[in-house]
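Read through the structure below, which is laid out as structure tokens, and then see the notes.
The values are calculated or read from the model by the stated rules, or taken from the named source; none is laboratory data. Keep in mind it's a predicted model, so treat the numbers as computed, not measured. All Cβ positions, even for glycine, are placed from backbone atoms using ideal geometry, and neighbour counts span all protein chains on display. For the accessible areas, the whole protein counts, side chains as well, though only heavy atoms, and no ligand, DNA or RNA atoms are used. Shrake-Rupley method; radii C 1.70, N 1.55, O 1.52, S 1.80 Å.
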Amino acid sequence: MEYVLTSNQLYKNYGHFRALSGLSMKVPKGSIYGVVGKNGAGKTTLIRIICGLQSPSLGEYSLYGTRNRDPKIVKARRRMGAVVETPSIYLDMSAADNLKQQYRVLGMPSFDGVKELLELVGLQDTGRKKAKNFSLGMRQRLGIAIALCGEPDFLVLDEPTNGLDPQGIVEIRELILKLNREKGITVLISSHILDELSKLATHYGIIDGGRMVKELSAEELEAACRKCQRVEVTDTRALAVVLDGMGLEYKILSDKTADIYAKPNVSALSSALAAEGCELLSVSEHDESLESYFISLVGK
Amino acid sequence: MSCLIRAGLSRLFRCRGLYAAMLFSAATAVLCLSGKGTYWGDGSTPVCDFYFCDWLAFFPLSASIVTCFFCADDYRGGAIRSKIVAGYKKPQIYLSNLIVCSFGTLLAFAAGVAACFATAVFHGAVWLTSPSETVYVAAVAIVTIIASAAFALVFSMFIARPAAAVTAVLTVSIGVIFITSNTSGMLNQPKYRISAPAEDLELYESVLDGVKDYDEKVEIAKEYGWAKENPYYIGGAKRVLAYSVYLLPGSQSEVVYDAVDDAIYLGKPITPLLRAPVPCALFSAIITAVGAAAFSKKNIN
């Protein structure tokens, strides 16, 4: 699998405070990678480092296979765009002027594409209105448009739906999905709104205390959060034989517990287990929401 | 980096600070010239050379205004981040800002010069420095101006809040003007004071009239007991320290002023001006290198 971004044991210290503590991650090409974490987990610090705004104290990362200390990282960075915390805009310029300014910075030969970008983010009717008079949602969209100026194939968005109303959140979500599906842009998006991420992300990285706690795909997360009956038995090998006989889908968690992804008849199960010399100790319904799964990983 | 410079120049002309600096520059030039008149020769013709040079001492303030407002716009909306994300190294951003701010400061200088000469024409003033020396004075002024922009840039690139940056740079610039004008006065104190009692006045005039070289004057005056050590003269390590202040841009305008003064009153060539570009260029190089190196380590949020 090809990875757009990999990091290896990233550390970042601000004085005595350690913001990142050996964070390692891999962002697959073409994915929408959601970085999930509590406030202060290190999401924004990570993004600042991979965008080149700050240097790591220890460790390294690679963009398109180019290490951060390699002078060629400059070329690799041209393939990415980012909105870090707040949109990077000139408040005294209109939306079009902001885009033209970014085109100049990037050395683009002409301003072709400015109109299309404005239409893509829904700012085509703003005219000469200055960015300082934009709503928060409009500024966010302008920030994304500026990030898209160099036709990047990797987009980094730091909490892009922060402060937006429900309509704004939907618009940003649909834009991100469109960019990923139609243009094949890999997106790294950080958020603490799990529900919102679950509608977008194909991969997740769960961060806590500056560390990557778990990386998993959307399918793996869905499997982890499925409704099931959690049973505790004296012998899961016997349980497996019984469940195979019943044709039920299950997952063995340990030598005493397992999850059954159906609602079995408890008395029939108990009888079948007894015939195999196994005792049914407890049955409980297990329904892991995304939030509860996240909390189980990082704690409250 | 050429793209950064082109983008910066495009943004410069939208920057309020540029027009504020041009207005400030023009206003101070008019005030310097109109505030007082100076007379030479037959005593009736104002000479604008000195007040042009006098006005140069205020120029670091114009440099501060352009630089602070220009850099503040980068920080205010966070636009500086998009340059770093685009792949530019921080020293490149620093240097491109220096070039653009220097250009903006030169535009403010041009506005001041235009106002200066317009006022001079209004007052019927004359310009006594020769054309070739005027070109040289202008070249030295430009080097001074770039040094002023480099000085202001160090503050502007590290203080993200625009109001705080402008306050800090203006405060330091005014402080520097004050220090350098006092330092200039101290450095200009001669080592010996030459004066004769009233009864020796005729002898004094006959002996020393026509002796232009200061050292020769002192030697002759010592023979007659007319030379006394000046208590206000600073020497040794203090003099070295005072000269280091001459590295600062504002003080270079004092050098220009003194050189023009000597050229007009004493007929001296403007060779002392050779002193001015070298410390200015050195100052610009050092402060820019230090500023760029420090900025490359700065964490951008």
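Checked against the criterion of being more than 10 Å from chain B (Cβ to nearest Cβ), more than 30 Å from B:R16 (Cβ to Cβ) and aromatic (F, W, Y), the range A:104-111 contains not a single residue that satisfies it.
Would you mind stating whether A:L99 is within 14 Å of chain B (Cβ to nearest Cβ), in a helix (DSSP H, G or I) and crowded, with 19+ Cβ neighbours inside 10 Å? Criteria met by A:L99. Considering the conditions (1) open to solvent by 10 Å² or more (accessible area, probe 1.4 Å); (2) more than 14 Å from chain B (Cβ to nearest Cβ); (3) within 18 Å of A:F154 (Cβ to Cβ), A:M25 is excluded by exactly one of them, (1). Can you pull out the residues in the range A:126-153 that are within 11 Å of chain B (Cβ to nearest Cβ) and touching a residue at least 60 places away in the same chain (Cβ under 8 Å)? Matches in the range A:126-153: A:G143, A:I146, A:A147, A:C149, A:G150, A:P152. Exactly one residue out of A:I50, A:I89, A:I32 is β-branched (V, I, T), surrounded by 21 or more Cβ atoms within 10 Å (Cβ to Cβ) and under 24 Å from A:K132 (Cβ atoms), and it is A:I89. Would you confirm whether or not the range A:146-163 contains a residue that is assigned by TED's automatic domain parsing to the domain that holds A:G30, open to solvent by 70 Å² or more (accessible area, probe 1.4 Å) and among the acidic types (D, E)? Among the residues of the range A:146-163, at least one is assigned by TED's automatic domain parsing to the domain that holds A:G30, open to solvent by 70 Å² or more (accessible area, probe 1.4 Å) and among the acidic types (D, E), which makes the answer yes. Determine whether the range A:217-228 contains at least one residue that is over 22 Å from A:G277 (Cβ atoms), within 12 Å of the chain's Cα centre (by Cα), of a type outside the set (K, R) and modelled with pLDDT of 90 or more. Checking the range A:217-228: at least one residue is over 22 Å from A:G277 (Cβ atoms), within 12 Å of the chain's Cα centre (by Cα), of a type outside the set (K, R) and modelled with pLDDT of 90 or more. With respect to the conditions (1) open to solvent by less than 10 Å² (accessible area, probe 1.4 Å); (2) within 13 Å of chain B (Cβ to nearest Cβ); (3) over 23 Å from A:T45 (Cα atoms); (4) not in a helix (DSSP H, G or I), A:L123 falls short on a single one, namely (2). When each of B:A196, B:A237, B:A150, B:A165 is tested for being in a loop (DSSP other than H, G, I, E, B), of a type in the set (G, A, S) and at pLDDT 75 or above, the lone residue that passes is B:A196.
For the range B:153-162, name all the residues that are modelled with pLDDT of 80 or more, in a helix (DSSP H, G or I) and surrounded by fewer than 23 Cβ atoms within 10 Å (Cβ to Cβ). Listed by number, the list holds a single entry, B:V154.
Could you grab me the full set of residues in the range B:164-193 that are open to solvent by 40 Å² or more (accessible area, probe 1.4 Å), within 22 Å of B:E229 (Cβ to Cβ) and aliphatic (A, V, I, L, M)? Across the range B:164-193, the qualifying residue is only B:M186.
So in the range A:54-92, with the set limited to residues that are among the β-branched types (V, I, T) and assigned to a strand (DSSP E or B), which one is nearest to the other protein chains (Cβ to nearest Cβ)? Out of the qualifying residues, it is A:V83. Filtering the range A:175-198 to residues that are surrounded by 12 or more Cβ atoms within 10 Å (Cβ to Cβ), over 18 Å from A:M212 (Cα atoms) and not aliphatic (A, V, I, L, M) leaves A:K178, A:N180, A:K183, A:T186, A:E196, A:S198. For the range B:69-104, a tally of residues being facing another protein chain (nearest Cβ under 7 Å) and assigned to a helix (DSSP H, G or I) returns 8.
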